[in-house]
Each structure stands twice: as C-alpha cells, then as structure tokens.
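Below is one structure, written out as structure tokens; the observations come after it.
The values are calculated or read from the model by the stated rules, or taken from the named source; none is laboratory data. Computed from a predicted structure; not experimentally measured. Note: ideal-geometry Cβ built from the backbone for every residue, glycine included; neighbour counts use all protein chains shown. Accessible surface areas use protein heavy atoms only, side chains included; no ligands, DNA or RNA. Shrake-Rupley method; radii C 1.70, N 1.55, O 1.52, S 1.80 Å.
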Amino acid sequence: MPKSLTIVAGFISVILFMPILALLFQSVSFDSLDNTFTDLADTVLLDYVLNSVTIVFYTLVFSCLFAIAPAWWCARYEFKGRQYLQWAMVFPLAIPAYISAYIYTDMLDYAGPIQSTLRDWFNWNSPSDYIFFDIRSMIGASIMLALALSPYIYLLMRNSFGNQNDHIEYAAQMMGANSRRIFFSIRLKLARPALAIGCTLVAMETLADFGTVHLFSISTLTTAIYDSWLIYGSLATAAKISCLLLLFIMILVGFERWQRKDQKFLDVKGSHALSRKTPSQLKLLAIWLSCGTIISLGFIIPMLTLLSYAFGYLDENLSENLWKHAGNTFYLAFLAAVICVGIALLFNNNTRFSASSGLAKVHQIQQNIASVGYAIPGTVLAIGILIPLGFLDLQLNEILITANIPAIGLFFSGTYFAILLAFIIRFSAIANGSILSGYQQVNDNLDIAAKTLNSSRSDIIKRIHLPLLKPSIITALLLVFIECVKELPASLLLRPFDFETLATYVYQFASDEQLEHGALASLMIIGVSLIPIFILSKTQRMS
C-alpha cells in the first residue's frame, strides 16, 4: 500500500471536513462590534426555529399521505398499467419545489386564473365575499415540498412492502384480523425502518430548502443564514445559525438510528413473495384517482405550465444568457462529477487494499468523512466554505502586497472555484456510495488471483477493477452531474459576479415573478433530472 496515497487521501479528507471545522471555529469567535446574533436571539431566532420545525412536521405529514398508500397499492395489487404507474410516481422528484411553488402561486393567488374565474362565475367582488386556500402559507409551502420530496418515501416503502410475504398475514387472518388491521399492525410496522429512513431524508431536505421558503417569505434557519451574510454582512452570525441547523440535522439522523437500533427482522420474503391481488373496480378507481392526482399536481401540471411559458415567451427564453449559464452549469457539473468519482475511487481503493493492514481503520475513517458533506445543507456548506477561502484570499493578497506585487483580489472565494468546491464536498458522498456498491460486487478472489501472478496494484485496478466498475462509475458521474445542476442554495451564496448556474438563473426569474422568461432553463433542469428515472425504469424492474 503506497503511503503517498494514504497521505493524499488524508489531505482530501481534511478539505472535505473543512467547512464543519470552519463553522465551529467561526461560531465560537467573539467580535465585540458584531451583535447581530445577540439581536436575533433576543427577537426572532426562536420564531425561525419554530418555523423550521413546523414546516418539517407538515412536510412529513403530507409526504406520508402522498407516498405510503401508493407504495402499498403498487406492491400489493396487479392491474393494467401498474408498471408505468409505479415509475410515474417518481417523476415529481424531478421538479424543484421552488418551481412548483411559483407555478401554483401564480395559479392560485387572488389575481390568478382560478380565483378570477370564480369571482366572475359567482359575482364575488372582494376577498371578504368568499374563502379560498392561501397558497402563500406554511401549509402551502409544505405541500410544495411534499410533492417534490415524497418520492423518497415512496421508493423506500415500495421496495419494503415488496420484500414482505403473506405468511404473517395468513396467521393474522386466522386470528380474526381484517385487512385494515393487518396493514397498520403488521405491514406498516415491518416497513418502519424504510419509513424512518425516508422521513429522515425528507426532513433533511426540508431543513435545507431555501428557494421555496424564501419565495413564500417564510423565515426559517436557512433563510436566516442567507440574510445574516448577504443582508447583515455578519459571517459570524451566519456560522452560529449554521451550527444550529447542523445540530438539527444531527438530531434527526441520531433519532432515526436510535429508534432502529434494537429492531431485528427476519427474512420476511423467503420463498413466498408478497402475492398480488386483483383490485375491485372501486379500489382500482381509487388507486388511479389518488395516484393520478399526485402525479398531476407534482409533475404534469408544472410541466405543461412550463411548456406553455416556453412557447408563449420563446424569444425571451432563447437568449444568449440561457446558453451562457447552461454552459457554466454543465461545465462545472461535469468537472465536479469527474473529481468526485476520482476521490471515491481513491478512498475505496485504499480501503480495499488495506483490508488486512493496520491502516484499514484510518482508510475507513477517511471514507466516512467523504460521505459527511451530503448531510450539510447548501447554505450551511456555503458559509463553511466562505470562511476559509476568505481567509486564504486575505493572506494571499497580504503576501503579494508585501512582495510589491499587485493584489489579485478574491482569487478563491470570488471565482467559480468556490462553487466547484461546494459541489465536490456536498456530492462526494453520492459518488462514494455508488463506487462502494460496485466494489462490493467485485470478488476479493480476483485480487488474490492477480497477486499470485505478481500483478501490481496499478495493474489490478486497470485490468480488473475499472472494467468491472464501469457501470458504477457511469452511474456516479451521472448522479453527481444531475445533483450539481439542481443545486441552488450553495450556488446562490457562492456564485461570483455575473456568473449564474441554471438553478440560480431560474430562481432569479421566479423570485421576480417572471418565471415565464426562465421556463426553458427550468425545462433543462427537469430534463436532466429525469435521466436517472428513465434509466432505472429500463434497467431495474420493480416486481
């Protein structure tokens, strides 16, 4: 095992963990002239915390309503079109929540087409004449987030239900239990680990969301971080609130692991998989109405609206800025994907070749650090990156001035290098997971056989590992690329002057209530996001 690779991996681990260290250091620093955090703590910080907790709660409730029943129906019943329906339920995942939020706000607001039509029909003259759902509310924001995030719970629950069998159900029927009681007392409890993981993912994504809550003017910890830096100019306050948000994330992850630690499950699938039943006509109608409504609200209506915007404002959409920002986005996303896959290969190679050496634990720790970034919300990560990069810029310029060389300004924090670093830190976990999964399919005996033929480590990697890992590498590249294209909060805070990604470009139009001019860019993001869903639907068959 070359020690140089261990050193390189250690250096990369430090960089990947740097934002958390920077946040901790900045949050404990004291500046007598900066009382921003104290002022916030005395006035509105508690409201930010309560809003964050409330929106997470409502989003989880709606996500479970949108996901659990469809997951059970697709696993339990056999009907025409089921294969298409169960993949269509994942499509809303491709629509960013802030895009849906703008579309439905424009549609359901007082001046929108629905309320205007109702006023014409019933001769209503003012808001006091009728009651209508307020989309610009905590409930409205939670529904938008749930439509976009519920597929996480759906996929996990669908697989969990599909891996159950009928033995326990037969026993329960012999005891006189009806189908409703069997579902809630047995089926749902057996799927509880999957539900816990799905809810944790949804809660983390909700806490990390910036676009939707900011568009609806809901003050959460995420918006507080953004405002602390860009409005109040207090990096220390942003760091303190970021640490508070990280604490919430750690509590969520810790709670999910704690409530599953003593659970023990046998192989419930066995030789008799979950049998499918033919639903009654009434049940079939309920399935299609319920799932069709979710798919329509989460995907079809936003897509049709964006297409109408794109064709209706084609000249405004086909601007030079669109292609410029698309080029920026795809270039950065591709570069980040390649680097993330390279890091994942390095860490997994080190772990594999040191399995029987004293460095095994060191390499495992390094590999675990590579997966930490995905749990860090984009706004928090951006602040954690700004702190050390800003320090490096100051030091570099001081050195240049001392050497009578003109200062170069914000070389690290003021260029797209900062966004690239954020992408790498945040999405290395995705590449690491994909490569690790691929390595688990490569038998260790292949390495042993190669070593008996005096093959070097580089030969084993080149001739055995890389060819066998090709599908995993392509998957990792694709997933990281897509996540980089969709990333909004970190890009908003770190983008340099006159530099936009597709996500920030679309969000600027949405926040200015001119999404019509960014519809084509929105469709680009959605089109890229749909790629893995179509690939999975072709390569993986849900039984």
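Working note: 222 nm ellipticity from helices only, DSSP H runs with n ≥ 4, each -39,500 (n - 2.57), summed and divided by the residues of the chain, gives -23000 deg cm²/dmol to the nearest 500.
Using heavy atoms of the protein chains and a probe of 1.4 Å, the accessible area assigned to C64 is about 30 Å².
Straightening the chain between N125 and A360 buys 77.3 nm, computed as 0.36 nm per residue apart minus the Cα-Cα spacing. Around the amide H of Y77, modelled in the peptide plane, lie the amide H atoms of K277, all under 5 Å away and 5 or more residues distant in sequence or on another chain.
Sorted largest first by accessible area at a 1.4 angstrom probe radius, with every protein chain in place, the residues D512, D129 fall in the order D512, D129.
Over the range 384-543, what relative contact order in percent results from Cα pairs under 8 Å that are six or more residues apart? Numbers along the way, then the final one.
On the way: 115 pairs, mean separation 35.6, N = 160.
Dividing the mean separation by the residue count of the range 384-543 yields 22 percent.
Hey, for a label at R136 modelled as a point 7 Å past Cα toward Cβ, could you say which residues of the range 491-529 have their backbone N under 16 Å away? 510-515, by backbone N distance to the label point.
By how many nm would the segment from F311 to R257 lengthen if fully extended, with 0.36 nm per residue of separation less the alpha-carbon distance?
In short, 14.6 nm is gained.
For the set V90, V28, the ranking by accessible area, highest first and with no ligand, DNA or RNA atoms included, is V28, V90 under a 1.4 Å probe. For K3, the accessible surface of its heavy atoms amounts to roughly 150 Å² (probe 1.4 Å, protein chains only, rounded to the nearest 10).
Taking N as the number of residues in the range 1-116, what value does Rg over Cα atoms divided by 2.2 N^0.38 Å take?
Numbers: Rg = 24.2 Å, N = 116, 2.2 N^0.38 = 13.4 Å.
Normalised Rg, Cα atoms only: 1.81.
Descending by average beta-carbon neighbour count within 10 Å, the peptides 50-58, 514-522 line up as 514-522, 50-58, the highest first. Once the Cβ-Cβ distance of V61 and L21 is raised to the sixth power relative to R0 = 35 Å, the FRET efficiency obtained is 0.45.
Accessible surface comparison of T329, T351, probe 1.4 Å, protein chains only, largest first: the order is T351, T329. Packing order of peptides 120-126, 171-177, 9-15, highest average first: 9-15, 171-177, 120-126 (average count of other Cβ atoms within 10 Å over each peptide's residues).
Explain nothing, just the number: relative contact order of the chain, from Cα pairs under 8 Å at least 6 residues apart, as a whole percent. Don't skip to the end; give the middle numbers.
Working: 676 pairs, mean separation 125.0, N = 543.
Rounded, it is 23 percent for the chain.
Site pair D512 and S455 shows an inter-label distance of 5.7 nm when each label is modelled 7 Å from Cα along Cα→Cβ. For V341, the solvent-accessible surface computed with a 1.4 Å probe is close to 10 Å², ligands and nucleic acids excluded.
Taking amide H positions as modeled 1.01 Å from N, with prolines and chain starts lacking one, no residue 5 or more places away or on another chain lies under 5 Å from W124. Only protein atoms count toward the accessible area here, which uses a 1.4 Å probe; on the chain, the carbon and sulfur part of that area reaches 65 percent.
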